[in-house]
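> Pasting a structure here, questions to come.
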Amino acid sequence: MTPEQLSTAIVGALTDLVGSGALTLPDGPPGTVVVERPKSKEHGDYATNVALQLAKKAGMPPRELAGLLAERLGASEGVASVEIAGPGFLNIRVEAGAQGVLAAQIVAAGAAYGTNDATAGDKVNVEFVSANPTGPVTIASARWAAVGDAIARLVEATGSEVVREYYFNDHGAQIDRFARSLLARGRGRDVPEDGYAGAYIDEIAQRVLAEHPEVKDLPDDEAQEAFRAHGVALMFDEIKQTLHTFGVDFDVFFHENNLHESGAVERAIARLTELGNTYEKDSAVWLATEKFGDDKDRVIVKSDGKGAYLSGDLAYYLDKRERGFDRCLILLGADHHGYVARMMAMCAAFGDRPGENLEILIGQMVNLLKDGVTVRMGKRSGNIVTLDDLVDAIGVDAGRYALVRYSMDATIDIDLDLWARQTSDNPVFYVQYAHARLASILRNAADLGVSSGTTASFDPSLLSHEKEGDLLRALAEFPRVVTSAAQLREPHRVARYLEDTASSFHKFYDACRVLPMGDEEPAPIHAARLLLVEATKTVLANGLGMLGVSAPDRM
């Protein structure tokens, strides 16, 4: 019995009480009831405070309502007992058979266990990384790559159609600095004072000259444009390959120039004008964002007739909405914090709902530590640390897991020595080792000719050991963890859940012998425990997959 199934049973009990006249709820029974695992085992398998929540509406003391509900719920199939605690909490114990059957349900569901269709019909655009192609993927962008892809996977797991999008520009001040740096190195000169340094600049400049030797003979202004065009293409190819190696692939690469060439900027401004949210002042066009919560109104067309920076944001947001996206998620770094209010005001100015049609997630920085000291220099990139540096040090799986394991609100220090170890204090190794150990148990069972049988034939009531119950309750939490992680855009919840579940498995395995020993004949308990092993393996694999981390069968 999962928490969701128990919630349904409680709602059913409330409905029965209302139907019989024993209980009056003016608004009717709630659609769902929160059911939680208590911190202390003395308080049962699950607990709910629903009686406390409904007592005022029902016009009776919480304990009296809890008593009515306990009597009705206690008669439900699979419920062993219901106790009233404190002012009206309900502590619920589930029968071993009702709990044990979950193992068969998980195995039968396979890769689908933990997924749902709660957001089916929603079309979601997740924009992340979106770094201009002036250098390798930085460690900060690596965090958005890992977290953004994990959020996309989780949102997909709850039923939405998701498009991963990368927004870039190959013009502007950053690209000019990049082109001038390539030109300088291609001509054998030092890079400009405000240019980009690092071995990668030399490498790209030499590749441009090797693939386009005619550039050598061009005047500096023409050569700079050639270095810009060819260098940006080479750099962007490298960025795409780096992200692909990291397990992150995008459905759409959106070029900023498309907004200007397609007339999207003019359409966006016209739409806002039709809605009465623009005005002219000092020969410029302004967007009235202050009335939508911004600290001041914003210029969108400058007095010289050129679009201000915000005009591109207006056009890009409208373009996404016109492409049919119900929700637009954008992941940005901490230096964009002041950007959020104006973007939300822009969303509202279009008549949309900030926080629903547009979500902006702000993340903090990442530091790499080696021997307890912050790593300041990358191998190829001069004074920046890159995703390649991280992968070279600890690998893709550890890199992704380390970047998603913490809330985006927190600056994280990744200890390269810790994450490279193959020991239990390395969180990703701990979870992956549990999966490999589960796979090994199933291989050993096959070698011994021991089978878990069919999911329909095993006896779930045999899974009555305390550690079996703990593990089953952990597995039952997975769907709820996935749903909350997707809704809150917090994939770190899945990582922490996997570590807790791996711990529950190890405790179960230490206390409960899964396979027969010596000449012992296989018994129904072995089949039941093997099914529990297979269910646990399924959950760990599904959870790791939602984080973009592999689930190895051998380590």
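The values are calculated or read from the model by the stated rules, or taken from the named source; none is laboratory data. Since we're looking at a predicted model, the values are computed, not measured. Note that we place each Cβ from the backbone using ideal geometry, even for glycine, and neighbour counts take in every protein chain shown. Ligands, DNA and RNA are stripped out before the accessible areas are found, and what is left, the full protein with its side chains, is counted by its heavy atoms. Shrake-Rupley method; radii C 1.70, N 1.55, O 1.52, S 1.80 Å.
> Just one of the numbered conditions (1) crowded, with 19+ Cβ neighbours inside 10 Å; (2) touching a strand residue (DSSP E or B) at 6+ places or on another chain (Cβ under 6 Å) is not true of LYS123; which one?
(1)
> Could you grab the pairs with beta carbons closer than 6 Å, sequence gap of 6+ or different chains, first residue in the stretch 161-176 and under 30 Å from ALA120 (Cα atoms), second one polar (S, T, N, Q)?
If the second residue must be polar (S, T, N, Q), the pairs left are VAL163/ASN125; GLU165/ASN125; TYR166/SER130; TYR167/SER130; PHE168/ASN132.
> Being out of contact with any Leu (no Cβ under 8 Å at 6 or more places or on another chain), open to solvent by less than 60 Å² (accessible area, probe 1.4 Å) and at pLDDT below 95 is the filter here; which residues of the stretch 92-120 pass it?
GLY97, ALA98, VAL101
> So, one more: Which one is nearest to the chain's Cα centre (by Cα) among residues in the stretch 184-204 that are in a helix (DSSP H, G or I) and closer than 21 Å to ILE384 by Cα?
Filtering the stretch 184-204 for residues that are in a helix (DSSP H, G or I) and closer than 21 Å to ILE384 by Cα, the one nearest to the chain's Cα centre (by Cα) comes out as TYR200.
> What strands (runs of 3 or more DSSP E), lying completely within the stretch 321-411, carry at least 3 residues that are at pLDDT below 95?
Those strands (runs of 3 or more DSSP E) span 366-370.
> Turning to a different aspect of this structure: Quick check on my filter: what residues within the stretch 497-533 are open to solvent by 40 Å² or more (accessible area, probe 1.4 Å), part of a helix (DSSP H, G or I) and of a type outside the set (D, E, K, R)?
Passing the criteria: TYR509, ALA511, PRO524, ILE525.
> Here's a follow-up. For the stretch 38-59, which residues satisfy the criterion of being over 36 Å from the mean Cα position of the chain (by Cα) and either open to solvent by 30 Å² or more (accessible area, probe 1.4 Å) or not hydrophobic (A, V, I, L, M, F, W, C) (or both)?
Passing the criteria: LYS56, LYS57, GLY59.
> Consider the stretch 204-215. How many of its residues are touching a Lys or Arg at 6+ places or on another chain (Cβ under 9 Å) and either at positive phi or loosely packed, with under 15 Cβ neighbours inside 10 Å (or both)?
1
> Considering the stretch 167-182 alone, what residues qualify as being part of a helix (DSSP H, G or I) and open to solvent by 10 Å² or more (accessible area, probe 1.4 Å)?
Passing the criteria: ALA173, GLN174, ASP176, ARG177, ARG180.
> Anything in the stretch 515-535 that is over 14 Å from ALA434 (Cβ atoms) and either in contact with a strand residue (DSSP E or B) (Cβ under 7 Å, 6 or more places away or on another chain) or touching a residue at least 12 places away in the same chain (Cβ under 8 Å) (or both)? List them, or say none.
Scanning the stretch 515-535 gives LEU515, PRO516, PRO522, PRO524, ILE525, HIS526, ALA527, ALA528, ARG529, LEU530, LEU531.
> Six or more apart or on different chains, Cβ under 6 Å: which pairs go from a residue in the stretch 116-143 that's at positive phi and touching a residue at least 60 places away in the same chain (Cβ under 8 Å) to one that's open to solvent by less than 10 Å² (accessible area, probe 1.4 Å) and of a type in the set (A, V, I, L, M, F, W, C)? Could you list them?
Short answer, once both residue conditions are applied: VAL129/ALA145.
Okay, residues lined up against (1) among the hydroxyl-bearing types (Ser, Thr, Tyr); (2) over 28 Å from the mean Cα position of the chain (by Cα); (3) part of a helix (DSSP H, G or I):
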{"site": "ALA98", "(1), (2), (3)": "no, yes, yes"}
{"site": "ALA108", "(1), (2), (3)": "no, no, yes"}
{"site": "ALA111", "(1), (2), (3)": "no, no, yes"}
{"site": "GLY114", "(1), (2), (3)": "no, no, no"}
{"site": "THR119", "(1), (2), (3)": "yes, no, no"}
{"site": "VAL126", "(1), (2), (3)": "no, no, no"}
{"site": "THR134", "(1), (2), (3)": "yes, no, no"}
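> If a residue has to be within 30 Å of MET546 (Cα to Cα) and either open to solvent by 20 Å² or more (accessible area, probe 1.4 Å) or not aromatic (Phe, Trp, Tyr) (or both) to count, how many in the stretch 216-253 make the cut?
Matching residues across the stretch 216-253 total 17.
> Still on this structure: Please return the ranges of strands (runs of 3 or more DSSP E) entirely within the stretch 272-319 where 2 or more residues are surrounded by fewer than 17 Cβ atoms within 10 Å (Cβ to Cβ) and of a type in the set (D, E, K, R).
In the stretch 272-319, 278-281 are the strands (runs of 3 or more DSSP E) which contain 2 or more residues that are surrounded by fewer than 17 Cβ atoms within 10 Å (Cβ to Cβ) and of a type in the set (D, E, K, R).
> Sort out which residues of the stretch 468-496 are open to solvent by 10 Å² or more (accessible area, probe 1.4 Å) and outside any helix (DSSP H, G or I), and write them in order of number.
GLU477, ARG489, GLU490
> Which one is farthest from ASP389 (Cα to Cα) among residues in the stretch 143-166 that are open to solvent by less than 20 Å² (accessible area, probe 1.4 Å) and more than 14 Å from the chain's Cα centre (by Cα)?
Ranking the candidates gives GLU165 first.
> Go through the stretch 4-37 and give me each residue that's open to solvent by 30 Å² or more (accessible area, probe 1.4 Å) and within 20 Å of LEU472 (Cα to Cα).
GLU4, GLN5, THR8, VAL34, GLU36, ARG37
> Would you check if there is a residue in the stretch 154-167 being farther than 28 Å from ASP251 by Cα and among the polar types (S, T, N, Q)?
No, every residue in the stretch 154-167 fails to be farther than 28 Å from ASP251 by Cα and among the polar types (S, T, N, Q).
> Follow-up question, since we're still on this one. Checking THR536 against (1) open to solvent by 30 Å² or more (accessible area, probe 1.4 Å); (2) in a helix (DSSP H, G or I); (3) closer than 29 Å to SER7 by Cβ, which single condition isn't satisfied?
(1)
> Scan GLU64, GLU83 and give me the residue that is among the acidic types (Asp, Glu) and assigned to a strand (DSSP E or B).
Residue meeting the stated conditions: GLU83.
> Pairs please, first residue from the stretch 401-418 and within 10 Å of PRO491 (Cα to Cα), second anywhere and part of a strand (DSSP E or B) and open to solvent by 40 Å² or more (accessible area, probe 1.4 Å), Cβ atoms under 7 Å, 6+ apart in sequence or on different chains.
Pairs that qualify, where the first residue is within 10 Å of PRO491 (Cα to Cα) and the partner is part of a strand (DSSP E or B) and open to solvent by 40 Å² or more (accessible area, probe 1.4 Å): there are none.
> For the stretch 412-466, name all the residues that are small (Gly, Ala, Ser), loosely packed, with under 13 Cβ neighbours inside 10 Å and assigned to a helix (DSSP H, G or I).
Selection gives ALA446 alone.
> Could you tell me whether ARG207 is under 38 Å from the mean Cα position of the chain (by Cα), over 30 Å from LEU332 (Cβ atoms) and part of a helix (DSSP H, G or I)?
Yes: the conditions hold for ARG207.
> May I ask you to list pairs of residues, at least six apart or on different chains, whose Cβ atoms are under 6 Å apart, with the first in the stretch 486-499 being under 15 Å from VAL155 (Cβ atoms) and the second being of a type in the set (S, T, N, Q)?
Taking only residues 6 or more apart or on different chains, the pairs are ALA486/THR158.
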